[in-house]
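Read through the structure below, which is laid out as structure tokens, and then see the notes.
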Amino acid sequence: QVQLVESGGGLVQAGGSLRLSCTASGRTFNRYAMGWFRQAPGKQREYVATISWSRSITYYHDSVQGRFTISRDNAKNTVYLQMNSLKPEDTAVYYCAARSGSGYSDPNLWPTWGQGTQVTVSS
């Protein structure tokens with residue numbers, strides 16, 4: 001079983017950047033698809049980006065396409081989310097998630113979650 005710990009959240013002005021990290025325990029990290037999701041107050045958790053175990057396949061929600069980049073370093077058991085040109089509507093708790101096999105946009109299909117990290121974008 002993989003355990004996940006996120007870091008890198010914080011307060012940033014609109015137009016700024018943040019990089020989130022998610023470090024996994026366990027020796028089979030490179031067999032898992034990884035995803036970033038977010039949940040704003042009063043809203044459902046939504047998918048942001050996913051990356052395959054081989055790093056060759058990435059998907060992004062339309063709202064972050066061109067601004068966010070997901071990547072992973074399997075040697076460090078870490079997945080990253082580089083967030084540029086941040087907007088106030090990006091404010092949310094960001095979670096990383098892991099699953100065996102392929103990644104999906106439905107958060108209900110991801111069995112393993114981190115504790116989340118808060119991202120706040122001021123206008």
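The values are calculated or read from the model by the stated rules, or taken from the named source; none is laboratory data. In this text the structure is predicted, and so the values were computed from the model without any measurement. Surface accessibility is based on the protein's heavy atoms, side chains included, excluding ligands, DNA and RNA. Shrake-Rupley method; radii C 1.70, N 1.55, O 1.52, S 1.80 Å.
Things worth noting here:
- Between Ser105 and Ser56, full extension at 0.36 nm per residue minus the direct alpha carbon distance yields a gain of 15.9 nm.
- With the biggest extent put first, the Cα atoms of the chain measure 41, 27, 24 Å across the principal axes.
- One chain, two ends: Gln44 and Arg67. Fully extended at 0.36 nm per residue, the span grows by 6.1 nm beyond their Cα-Cα distance.
- Accessible surface for the chain, divided over its residues, is 53 Å² per residue with a 1.4 Å probe.
- Accessible surface of the stretch 32-123 [probe 1.4 Å, protein heavy atoms]: carbon and sulfur percent: 47
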